[in-house]
Each structure stands twice: as C-alpha cells, then as structure tokens.
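In what follows, a structure is listed as structure tokens, so that the remarks can point back to it.
The values are calculated or read from the model by the stated rules, or taken from the named source; none is laboratory data. Everything quoted here is computed from the prediction, not taken from an experiment. Backbone-built Cβ (ideal geometry, glycine too); neighbour counts: all protein chains shown. All accessible areas refer to the heavy atoms of the entire protein, side chains included, with ligands and DNA or RNA removed. Shrake-Rupley method; radii C 1.70, N 1.55, O 1.52, S 1.80 Å.
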Amino acid sequence: MPSPETDPNILILEDDLDQMELLVDFTLTEIKELMNDKSINEAQRQKLKRIRIIKVSNIKSLQTAASMHKNVILAVLDCNSPDSKGGEAHDQLVKTNHVITGQHKAVDIVTEELPDTPITMISSLDRFRTIINRYYESNFKLSINFIPKTGVLKIKENVELSLRKYLNAAN
C-alpha cells in the first residue's frame, strides 16, 4: 500500500492567496473531471485519489517542500515570489554583473531536488518567457511550460495533460 511519502503530489508556488486558491481549484476540478471520465479505469481512479496538493508561498518553503516530497508529478511556479514568508515578491531571476541570465531560483530548486518533474511557470507578465526558456533549453535541454496568468484555459489544460501523463505512466 502506498504511503504519504510516496503518494503523488502537485506542487504549487504562489504568494497571492486568491490566485493560489484559483490554482488549487483548477487542479481539483481537473482531478474530479478525470475521476468521472468513462475512459479512466479503477486503478487510475485510485491513483487520482492519492494525489496531494502542496501549497507553498515563497522560495524558502519551496526548498523545504521539494526536499521533503520526492514524488511530484507537476510543479506550477509563479515567476514573481518572495524569498521568505512576509517578504516582498520579486522575479527570482539570477543576475550576473547586473544582467539577467534567464536562470530562475524556483526552477533551479525544482530541477535540483525533483529532476524529472514537469515545470509550468505562470506570470502576470510574459516578459521573461523567452529569456527563461532560452536559458534552460540551451543549458539543460529543459522545456518549461510558460503560461500567462490570464491564460486560464491553458493552465487548466496543462494540469489535465500532466494528470493524464501521470495516469498513463507505468500502466
């Protein structure tokens, strides 16, 4: 029988409580819709029932969660997050000699602690999509899904796609 340590998780980094609840609601809605999907068998339903959502609101808590929970099937990361609880949100981009490299602290944490986890970045502004994607694709052959927060349907589709990949893995 699976244990809480091995149960699948979806990790969500968002410092805005309203947006966090919206992301959690999207995720729960997609899980519920899949549970009711006629093409899903009973074993897959049981896999869906075990999914836990881990909500974190800053980079420090992301580091803790990523080091504790190794079975993460999707990481949804807000581009603009505080370093610690109560801190001021900022874009978490690494700069070298005052030049933005495209490296992002939250992505680095997930890739180091959870190397095979699909990553979706969300941002209210699309301004860093190109530089972040270019950095991770060229240096690590890592493709990051980057969705504007206004892309509600795309976020939901992304969650559904990740859930379906999880269900179809090792079947």
> Using a 1.4 Å probe, what is the accessible area per residue for the chain, in Å²?
Replying inline: 55 Å²
>> I'd like the antiparallel share, as a percent to the nearest 5, of DSSP beta bridges with both residues in the stretch 9-169.
In response: 20 percent
> Which pairs break 22 Å Cα to Cα here: LYS105/LYS141; LYS70/LYS165; LYS70/LYS154; LYS47/LYS154?
Replying inline: LYS70/LYS154; LYS47/LYS154
>> Taking 8 Å as the Cα distance limit and 6 or more residues as the minimum spacing, I'd like the relative contact order of the stretch 44-116 as a percentage.
In response: 29 percent
> What ranking of THR130, THR29 comes out by heavy-atom accessible area, probe 1.4 Å, highest first?
Replying inline: THR130, THR29
> Near the amide H of PHE146, under 5 Å away, which other amide H atoms are found, from residues 5 or more places off or on another chain, if H is placed in the peptide plane?
Replying inline: MET121
> How much solvent-accessible surface does LYS60 expose, in Å² to the nearest 10, with a 1.4 Å probe and all protein chains in place?
Replying inline: 130 Å²
>> For the chain, what does the helix formula give at 222 nm: sum of -39500 (n - 2.57) over DSSP H segments with n ≥ 4, over the residue count, nearest 500 deg cm²/dmol?
In response: -14000 deg cm²/dmol
> Is the stretch 109-171 rounded, prolate or oblate when judged by the Cα gyration tensor, a ≥ b ≥ c being the square roots of its eigenvalues, rounded requiring a/c under 1.5 and prolate requiring a/b larger than b/c?
Replying inline: oblate
> For the chain, what are the DSSP H helices with axial Cα length of 20 Å or more and mean Kyte-Doolittle hydropathy of at least 0.0?
Replying inline: 17-35
>> Let's test the formula: R0 of 45 Å, r as the Cβ-Cβ distance of GLU112 and LYS38. What FRET efficiency results, to the nearest 0.05?
In response: 0.65
>> Ignoring ligands, DNA and RNA, please state the percent of accessible area on the stretch 9-169 from carbon and sulfur, probe 1.4 Å.
In response: 52 percent
> Given 5 Å bins starting at zero, what is the percent of C-alpha pairs of the stretch 9-169 in each, up to the one with the largest pair distance?
Replying inline: 2, 9, 19, 22, 21, 14, 8, 4, 1, 0, 0, 0
> Going through the stretch 75-171, which trypsin sites (Lys or Arg not before Pro) have at most 11 other Cβ atoms within 10 Å and a DSSP loop state?
Replying inline: LYS85, ARG127, LYS141
>> Once you keep just the Cα pairs under 8 angstrom separated by 6 or more residues, what percentage relative contact order results for the stretch 41-171?
In response: 23 percent
> Quick one: net charge of ASP37's neighbours, Cβ under 11 Å, K/R +1, D/E -1?
Replying inline: +1
>> Could you compute the net charge surrounding ALA65? Neighbours are other residues with a C-beta less than 12 Å from the C-beta of ALA65; K and R count +1, D and E count -1.
In response: +3
